[in-house]
1. Quick test for you: out of 31, 45, 49, 98, pick the one residue that is touching a residue at least 60 places away in the same chain (Cβ under 8 Å) and touching a strand residue (DSSP E or B) at 6+ places or on another chain (Cβ under 9 Å).
2. Is there any pair linking a residue in region 203-214 that is at negative phi to one that is of a type in the set (Gly, Ala, Ser) and at pLDDT 90 or above, with Cβ under 9 Å and at least six apart or on different chains, and which?
3. Could you list all residues from region 184-210 that are modelled with pLDDT of 95 or more and under 13 Å from the mean Cα position of the chain (by Cα)?
4. Which count do you get for residues in region 1-59 that are touching a helix residue (DSSP H, G or I) at 6+ places or on another chain (Cβ under 8 Å), surrounded by fewer than 21 Cβ atoms within 10 Å (Cβ to Cβ) and of a type in the set (Ser, Thr, Tyr)?
5. Looking at region 43-145, what helices (runs of 4 or more DSSP H) fall wholly within it and have at least 2 residues that are polar (S, T, N, Q) and under 16 Å from residue 194 (Cβ atoms)?
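The values are calculated or read from the model by the stated rules, or taken from the named source; none is laboratory data. The structure displayed is predicted, hence computed values, not measured ones. Cβ: placed from backbone, ideal geometry, glycine included. Neighbour counts: every protein chain shown.
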Amino acid sequence: MYDLPSKSKSVEIYNAAEYLKMRRHWNGCGLILHELCHLIHQLVLPNGLNNETILEAFGNILNKERYDNVYRRDWGYTTEEIDCAYATINHKEFFAELSVAYWSRGYDAYLKSQASDKSLESVSPPFMAVEVLQRQRLYKSARTDYEIYNAFKDTLSWNERIENVLTGGRAFGSGSCNKFYPFCCQQFREFDQETFDVFENLWSYIGQWKDPMVSGHGYGAQNKLGKGCFGLISFASNEGKEQNAFLENNKHDDNAKDERNQTMDESTTAGDSIHSDVIVTMVE
């Protein structure tokens, strides 16, 4: 639910400080891209959130169970780095999650795939989240074979790493990534070619869509999009809402498989993101 009609079909950031912290797990803009993909799913694709292609592809990945045990970057260097992919929560998260992986192209040249390597550190883009870097330093003190750590992160100064985060990786040509495996486009292709091909076709269709703001309809044009634009991002200032966001965020690390079981029966018309709705959400 939303409290202002003007927030309809927008992305709302409940807590800017937490958002700036959480986005580091995506190495930049992957988190906000995830939410924008919910809008694209609802407003651009045929039949919106009931798009048949996405529903069918989502059912296929559940049947394969391939996504039930994948790496997640925010659990890096803990005793358990593997979880059920957030893409299995429901068809909306499926599209948003794998779209982020599809558009993460900056790491394709050197990252390994999960199938060919058992180590998160060798399949993941460089870590930017402070808590993961702290665990990494402790881990590094006991090991020396940090392929990605030495290949990328040690080549950047601290200020450069901060700039890399703030620019979504564009400052050094790497870009954002997904938080759950597959983290980038090439890994997605190698991990699940069938689903990757579906996303190629979906994004080819999306690429033909005419944004009414660009085509001259103007803000507030009355068409199937209502507002006639994306990109409306609001920041909540209500103290109680921020406190609730903090409390909800602390519950986010529960096993994703449990969360999937609780949300599979949700209405297909609901537009909110579960993946990051405590900090950033798409408002239907």
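1. Matching residue, one of 31, 45, 49, 98: 31.
2. Hits for this filter: 203/99.
3. None; the set is empty.
4. Final tally of qualifying residues: 2.
5. Hits in region 43-145: 52-64.
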